[in-house]
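Below is one structure; the comments refer to it alone.
The values are calculated or read from the model by the stated rules, or taken from the named source; none is laboratory data. Fair warning: this is a prediction, and the values are worked out from it, not measured in the lab. Glycine also receives a Cβ, built like all others from the backbone with ideal geometry; neighbour counts cover every protein chain displayed. Note: accessible area is taken over every heavy atom of the protein model, side chains too, but ligands, DNA and RNA are not part of it. Shrake-Rupley method; radii C 1.70, N 1.55, O 1.52, S 1.80 Å.
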Amino acid sequence: SKFREKKKNLRTLVVAPTSVREHWARELQKWAYPAGDVNLVYAYNLEQAVRDAKKSTWTVISYPLMSRIDNGLLQRLKNIGFHHVIADEVHNTKNPDALRTRSLKTLSDQADYVSLLSGTPIPNTMSDLYVLMSMLDPNQYPFDPEKDVSDTENFRIARQSFIQLYVERPQAVKELLHRKMLRRMAKD
């Protein structure tokens, strides 16, 4: 399986708001399993940090830096083959035309596992929900982030079918979120 082939080189990418990036790094150094190098990405070391990601177990980058990654750096990160991508406060990436959303989607599409963390799991619009669902289930909710930013036709068509489903059956939103969510309540 793909998991077993990568097992000796498990790498995780954490994308988080700038304000908690260092907190993530400290907590990973303290608690993470598997233990390993934590590669904390800053603007001043962006290119070096992308190179270092290949030999690090954990790479932590902020959303603003995801917006600054050019195609070459993004492809290098993609080629690393992250086993797991964690997006903390994922509501920062719901606009399909935003560079940070496209960058995260590109990297999450190649990962074996994707975790989306948010204290506000209900998006503002159906388009927002579609982008998030596309990260979790790209086959069911297609969106090609590597297309030209001005080329939104595929996204528009897919989003329209998604919206139609929920116009016809609004309860589907609750069912969909319930199947995908983990909650931190004792009874759950």
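With a/c under 1.5 counting as rounded, go ahead and sort the range 1-89 into rounded, prolate or oblate using the C-alpha gyration tensor (a ≥ b ≥ c being the square roots of the eigenvalues; past the cut-off, prolate if a/b is larger than b/c, else oblate).
Cα axes put the range 1-89 in the oblate bin.
The apolar share of the surface of the range 1-100, taken as the fraction of accessible area on carbon and sulfur atoms (1.4 Å probe, ligands and nucleic acids excluded), comes to 49 percent. Spin-label model, Leu177/Ser118: points 7 Å from Cα along the beta carbon direction are separated by 0.9 nm.
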